[in-house]
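Student: Have a look at this one before I ask anything.
The values are calculated or read from the model by the stated rules, or taken from the named source; none is laboratory data. On a predicted model such as this, the values are computed, not experimentally measured, just so you know. Here the Cβ positions follow ideal geometry from the backbone for every residue, glycine too, while neighbour counts run over all protein chains shown. For the accessible areas, the whole protein counts, side chains as well, though only heavy atoms, and no ligand, DNA or RNA atoms are used. Shrake-Rupley method; radii C 1.70, N 1.55, O 1.52, S 1.80 Å.
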Amino acid sequence: MANQAVGVIFSNIHDENIPELSRKRTMASIPFGGRYRLIDFALSNMVNSGITTVGIVTKNNYQSLIDHLGSGKDWDLARKDGGVILLPPYSDETDVPYTSRLEALKGITGFLNRRKEDYVVISDCDGISRIDIGDVLRFHEERQADITMVYHAEKNVSCKYFMTLTPDETGRVKALQINPKANGKVNRYINVMIMSREFLIGTIQDAVTRGLTSFGQDILAKNVDTLKIYGYAFEGYYAGIDSIQSYYAHSMELLDKNVRSELFAARDIYTKVRDSAPSKYIEGAIVKNSLISDGCVIEGTVENCILFRGVNVGKGSVVRNSIIMQDTVIGTNVELDCVITDKNAVIRDRRHLAGCEELPYFIGKGRMI
């Protein structure tokens with residue numbers, strides 16, 4: 001059924017939630033889990049469900065995203081018809097980048113008009129999960145819904161912008177709230193949505209003629225009673241990335257084998273393949289409860305850490321509870337605890353740096369300390 005759908009992924013929405021990692025890249029291309037980018041999860045969910053055409057809505061800082069996606073061959077999306085299609089932030093009518101989701105959708109109506117699929121699957125890149133889009137599409141068709149929104153039951157949600165759904169026993173949404181005071185268990189919308197392609201195009205055109213500006217408030221929240229909006233309950237593992245603290249916490253959850261099995265065991269999460277050499281452990285190195293990517297050279301001690309490709313850990317150094325991104329060089333006799341380094345960072349000899357779980361110490365891309 002999913003081959004009747006076209007995918008749309010927003011790469012820049014939510015950039016402001018994690019400025020430390022999105023200053024020089026999109027939210028979609030933030031590294032995660034040693035070898036992945038955040039877009040890999042949304043894109044793989046679509047590919048695994050049979051979607052072969054995915055439009056990536058860009059806005060700014062998307063050079064690293066282009067480098068990562070390439071032709072789309074690593075996701076089996078290097079195709080003559082469809083595949084991965086980068087959608088610029090400008091429409092045929094304006095040369096000013098969009099400022100809201102609704103404006104972005106207006107800008108890609110040309111892309112939507114050229115497609116022939118019946119449905120559109122819209123996803124952001126701020127969530128990490130393994131969702132079967134085919135199941136959601138079947139749910140959408142069975143209920144003859146106008147819009148189906150995927151939600152996840154959570155406790156005490158606290159982020160800058162989120163929606164909660166209140167569905168009835170059939171799944172139809174009876175109330176939709178934006179940024180409510182979430183005390184206790186709530187049904188959090190996880191930014192995955194399905195609707196028919198013609199319905200979406202008509203909704204965008206109607207919103208433009210009426211001067212509407214917000215997709216969430218003007219189209220969803222104000223039309224709960226008139227539109228057939230349904231909520232699909234996703235019960236698997238979901239991690240919402242809405243701050244550097246949540247990025248750190250959910251990254252460290254990958255050290256739990258049950259979480260890794262939930263995310264990676266049943267279906268593949270695809271990413272850009274690099275033919276790097278295996279990691280090298282020098283005599284005397286100690287590694288405990290850590291994810292080590294290929295191409296690393298370790299001479300010191302690494303405990304409860306995630307090391308991306310090509311990381312060097314010098315002799316006598318001790319790295320604990322940290323996320324060390326690609327090609328970072330850690331000198332000799334360094335001590336790190338609760339530290340996040342972006343790519344190509346250099347930590348010179350005998351440096352002692354520490355943060356905490358609530359506020360990890362962050363080192364920017366290419367910085368030397």
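Student: Just to confirm, what accessible area per residue do you get for the chain at 1.4 Å probe, in whole Å²?
Tutor: Numbers: 16490 Å² over 369 residues.
With all protein chains present, the chain gives 45 Å² per residue.
Student: Turning to a different aspect of this structure: Can you work out D for region 166-315 in µm² s⁻¹ from Stokes-Einstein, where Rh is the Kirkwood radius over C-alpha pairs, the temperature is 25 °C and the viscosity is 0.890 mPa s? Don't skip to the end; give the middle numbers.
Tutor: Details: Rh = 19.9 Å.
D = 123 µm²/s.
Student: Sorted by packing (mean other beta-carbon atoms within 10 Å per residue), highest first, where do 210-220, 116-126 land?
Tutor: Numbers: 210-220: 15.4, 116-126: 21.8.
The densest-packed peptide leads the list: 116-126, 210-220.
Student: Moving on. For region 1-144, I need the span (max minus min coordinate) of the C-alpha atoms along each principal axis, in Å, sorted largest to smallest.
Tutor: 42, 41, 31
Student: Go through region 257-320 and name the GluC sites (Glu not before Pro) that are in a DSSP coil and have 11 or fewer other Cβ atoms within 10 Å of their Cβ.
Tutor: Numbers: sites: Glu262, Glu283, Glu299, Glu303; in loops: Glu283, Glu299.
Filter output for region 257-320: Glu283.
Student: Oh, and also: For Glu253, Glu169, give the ranking by accessible area with the largest first, probe 1.4 Å. Don't skip to the end; give the middle numbers.
Tutor: Details: Glu253 65, Glu169 170 Å².
Output order, biggest surface exposure first: Glu169, Glu253.
Student: Another question, then. With a 10 Å radius around each residue's Cβ, average the other Cβ atoms per peptide and rank 358-364, 40-46, highest first.
Tutor: Numbers: 358-364: 16.3, 40-46: 24.7.
Ranked by mean Cβ neighbours within 10 Å, highest first: 40-46, 358-364.
Student: Could you order peptides 343-351, 142-150 by the average number of other Cβ atoms within 10 Å of their residues, highest first? List each step's numbers first, then the result.
Tutor: Values: 343-351: 16.9, 142-150: 18.8.
Ranking the peptides 343-351, 142-150 by packing returns 142-150, 343-351.
Student: Along the charge dipole of the chain, Cβ charges K/R +1 and D/E -1, which of Gln245, Gln4, Asn156 sits furthest on the positive end?
Tutor: Gln245
Student: Right, something else. What is the distance, in nm, between label points placed 7 Å from the Cα along the Cα-to-Cβ direction at Ser276 and at Lys185?
Tutor: According to this spin-label approximation, the distance is 4.1 nm.
Student: Between Val259 and Ala175, what length comes free when the chain is fully extended (0.36 nm per residue of separation minus the Cα-Cα distance, one decimal in nm)? Walk me through the numbers on the way to the answer.
Tutor: Working: separation 84, 0.36 × 84 = 30.24 nm, distance 3.16 nm.
My answer for the length gained is 27.1 nm.
Student: Considering amide H positions built from the backbone, and no H for Pro or chain starts, which residues 5 or more places from Phe362, or on another chain, come under 5 Å of its amide H?
Tutor: HN-HN under 5 Å from Phe362: Ile340.
Student: Tell me the carbon and sulfur percent of the accessible area for region 120-262, rounded to whole percent, probe radius 1.4 Å.
Tutor: Working: 2750 of 6310 Å².
Solvent-exposed carbon and sulfur of region 120-262 make up 44 percent of the total.
Student: If you don't mind, there's one more thing I want to ask. Which residues in region 179-197 have a backbone N closer than 19 Å to a point placed 7 Å from the Cα of Gln4 along the Cα-to-Cβ line?
Tutor: 193-197
Student: Order Phe308, Phe199, most accessible first, counting only protein heavy atoms with a 1.4 angstrom probe.
Tutor: Details: Phe308 10, Phe199 50 Å².
Result of the area sort, largest leading: Phe199, Phe308.
Student: What does the extension gain come out to for Ala354 and Thr166, with contour length at 0.36 nm per residue minus their alpha carbon separation? Could the numbers behind the result be given before it?
Tutor: On the way: separation 188, 0.36 × 188 = 67.68 nm, distance 4.20 nm.
So the extension gain works out to 63.5 nm.
Student: Please work out, to two decimal places, the log10 of the ratio I(q)/I(0) at q = 0.08, 0.12, 0.15 Å⁻¹ from a Debye calculation in which every Cα of the chain carries one identical scatterer.
Tutor: -0.42, -0.91, -1.31
Student: Right, here's the next one. Using Cα-Cα distances under 8 Å and only pairs 6 or more residues apart, what relative contact order does region 1-159 have, in percent?
Tutor: Working: 232 pairs, mean separation 51.9, N = 159.
Reported relative contact order: 33 percent.
Student: In a shell of Cβ-Cβ distance under 13 Å around Gln326, excluding Gln326 itself, what net charge do Lys and Arg (+1) and Asp and Glu (-1) give?
Tutor: Working: positive: Arg25, Arg35, Arg37, Lys272, Arg274, Arg309, Lys343, Lys365; negative: Asp67, Asp294, Asp327, Asp342.
Spelling it out: positives minus negatives among the neighbours equals +4.
Student: Which percent of the Cα-Cα distances in region 61-212 go past 18 Å? Walk me through the numbers before you get to the answer.
Tutor: Numbers: 7852 of 11476 pairs.
Roughly 68 percent, rounded to a whole number.
Student: Still on this structure, I have one more. Starting from the Kirkwood radius over alpha-carbon pairs of region 36-118, derive D by Stokes-Einstein at 10 °C in a medium of 1.306 mPa s and give it in µm² s⁻¹. It would help to have the intermediate numbers written out before the result.
Tutor: Working: Rh = 13.7 Å.
For the chosen part, D equals 116 µm²/s.
Student: Now for a separate question. Based on the alpha-carbon set only, what is the convex hull volume of region 260-362 divided per residue, in Å³?
Tutor: On the way: hull volume 10.7 nm³, N = 103.
Spelled out: Cα convex hull of region 260-362, divided by residues, is 104 Å³.
Student: Explain nothing, just the number: relative contact order of the chain, from Cα pairs under 8 Å at least 6 residues apart, as a whole percent. List each step's numbers first, then the result.
Tutor: On the way: 849 pairs, mean separation 53.7, N = 369.
Over the chain, the number comes to 15 percent.
Student: Output the relative contact order of region 266-369, whole-number percent, from Cα pairs under 8 angstrom with separation of 6+ residues. All intermediate terms of the calculation are to be shown ahead of the outcome.
Tutor: Working: 296 pairs, mean separation 16.8, N = 104.
Relative contact order here is 16 percent.
Student: Turning to a different aspect of this structure: Using helices alone, I'd like the mean residue ellipticity at 222 nm for the chain: each DSSP H run of four-plus residues gives -39500 (n - 2.57), total over residue count, nearest 500. Walk me through the intermediate numbers first.
Tutor: Numbers: 9 runs with 74 residues, N = 369.
Only helices count here, giving -5500 deg cm²/dmol.
Student: Let me ask another. For a bin width of 5 Å, list the pair-distance distribution of region 320-369 built from all Cα-Cα distances, rounded to whole %.
Tutor: Calculated over all Cα pairs of region 320-369, the distribution is 7, 24, 33, 28, 8, 1 percent.
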